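Below is one structure, written out as structure tokens, with a few remarks after it.
The values are calculated or read from the model by the stated rules, or taken from the named source; none is laboratory data. Everything numeric in this text was worked out from a predicted model, so none of it was measured. Don't worry about glycine lacking a Cβ; one is built from the backbone with ideal geometry, like all the others, and counts go over all protein chains shown. Surface areas here come from the heavy atoms of the whole protein model, side chains and all, with no ligands, DNA or RNA. Shrake-Rupley method; radii C 1.70, N 1.55, O 1.52, S 1.80 Å.
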Amino acid sequence: MSLGTSMNIRILLVALIFIFLGGTVKLMGFILFSSKAVLVDGITCVAAFLSGLIVIITTRAALKPPDVDHHYGHWRIAYGGPLGILIIYSASLGVALASMGFPEPYSVDVRATYSAILGTLLYSIAILIARLDPIGGSTLAVFGWSEVLEGLVSAIAAYAGASYSYIIDYSGGILILGYLLVAILRESRDLIFKISDVAVEGIEERIREELESRKLKIISLRVRMLVPGRYAGDATVVAPCNLSLEAANIIVDEITDFLKRNNIDLTVHIDKDPKCS
Ligand SMILES: [Zn+2]
């Protein structure tokens with residue numbers, strides 16, 4: 001996810017409609033043809049649809065310019081996206097687990113396989129549509145191919161479940177649930193890392209180069225990531241002795257303006273060099 005450029009909402013909404021259709025087709029695979037693997041797969045599809053909506057809403061809100069109550073801009077509202085995904089995925093895990101119930105014998109209709117395949121096809125179309133808008137598409141991390149893999153797992157599990165034993169179908173459901181749990185853990189770790197005021201590699205070096213190329217000596221430099229692609233920080237520098245404070249101020253303004261255009265919001269304090277007389 002990289003914020004700063006607007007996304008094509010219409011493309012993403014069309015993609016989300018295809019995801020919703022895919023989820024509905026899969027849920028029918030459970031209601032009509034009793035496959036629990038396809039049920040769990042369908043629940044994750046519906047979760048992806050809801051997550052997509054939340055990501056679009058929060059990303060749009062994050063693009064608002066700074067105002068009286070958000071002096072640094074609204075960028076971090078975008079974290080409502082991953083937070084929403086975590087809540088939705090956790091709830092889906094609970095719903096899926098509850099509807100799986102204990103592994104009591106049931107019979108799977110082979111047509112559940114077709115539901116899984118059709119649903120997965122619809123989901124694949126959604127991914128391709130989302131890719132038409134590279135920025136929004138990558139913002140919607142939920143548009144992953146892993147959902148397609150889950151679709152294949154549920155299709156195979158339903159087929160084997162209909163041909164051999166319900167246990168295979170049930171195990172397919174458990175496998176997808178396991179993947180969902182892993183995704184929740186991974187997403188949590190990723191979110192905590194991103195909001196931890198992390199100093200992103202490369203950004204500090206870039207600022208350092210910019211300041212040093214203008215003969216400013218760096219006393220301190222701190223940078224933190226607001227959201228991926230957006231940074232804020234502060235620096236204390238010392239200007240060379242032959243430079244007046246006025247001239248140093250002009251240089252610093254040029255640098256901070258340049259950095260601001262590159263999504264880095266840097267505040268610079270100019271110290272007097274005690275060695276200059
Ligand atoms: Zn505000």
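Laid out as a table, the results:
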| quantity | calculated |
| --- | --- |
| All aspartates and glutamates inside 13 Å of Lys26 as judged from Cα atoms, apart from same-chain residues fewer than 8 positions distant | Asp41, Glu147, Glu150 |
| For the chain: relative contact order, % (alpha-carbon pairs under 8 angstrom, 6 or more apart) | 21 percent |
| Added length on full extension, which subtracts the Cα-Cα distance from 0.36 nm per residue, Arg261 to Ser213 | 15.5 nm |
| Whole-Hz ³J(HN,Hα) from phi, Karplus 6.51 cos²θ - 1.76 cosθ + 1.60, for segment 220-227, glycine and proline x | 8, 8, 10, 9, 9, 8, 7, 9 |
| Cα gyration tensor shape of the chain, rounded if a/c is under 1.5, else prolate or oblate by comparing a/b with b/c | prolate |
| CD proxy at 222 nm, helix term only [per DSSP H run n ≥ 4: -39500 (n - 2.57); per residue of the chain; nearest 500] | -21500 deg cm²/dmol |
| Fully extended contour minus Cα-Cα distance, from Val68 to Arg186, at 0.36 nm per residue | 39.0 nm |
| Dipole moment magnitude, nearest 20 debye, the chain about Cα centre, only Lys, Arg, Asp, Glu C-beta charged | 160 debye |
| Kyte-Doolittle mean at least -1.0 and Cα axial length at least 27 Å: DSSP H helices in the chain | 9-31, 36-62, 80-100, 111-131, 166-194 |
| Per-residue SASA entry for Val25, accessible area with 1.4 Å probe, Å² rounded to 10 | 40 Å² |
| Cα-projected label distance for Ile31 with Ile17, points at 7 Å along beta-carbon direction, nm | 2.0 nm |
| Built amide H within the under 5 Å cut-off of Val268, gap 5+ | Ala235 |
| DSSP beta bridges in the chain [antiparallel fraction, %, rounded to 5] | 55 percent |
| Added length on full extension, which subtracts the Cα-Cα distance from 0.36 nm per residue, Ser244 to Val110 | 40.0 nm |
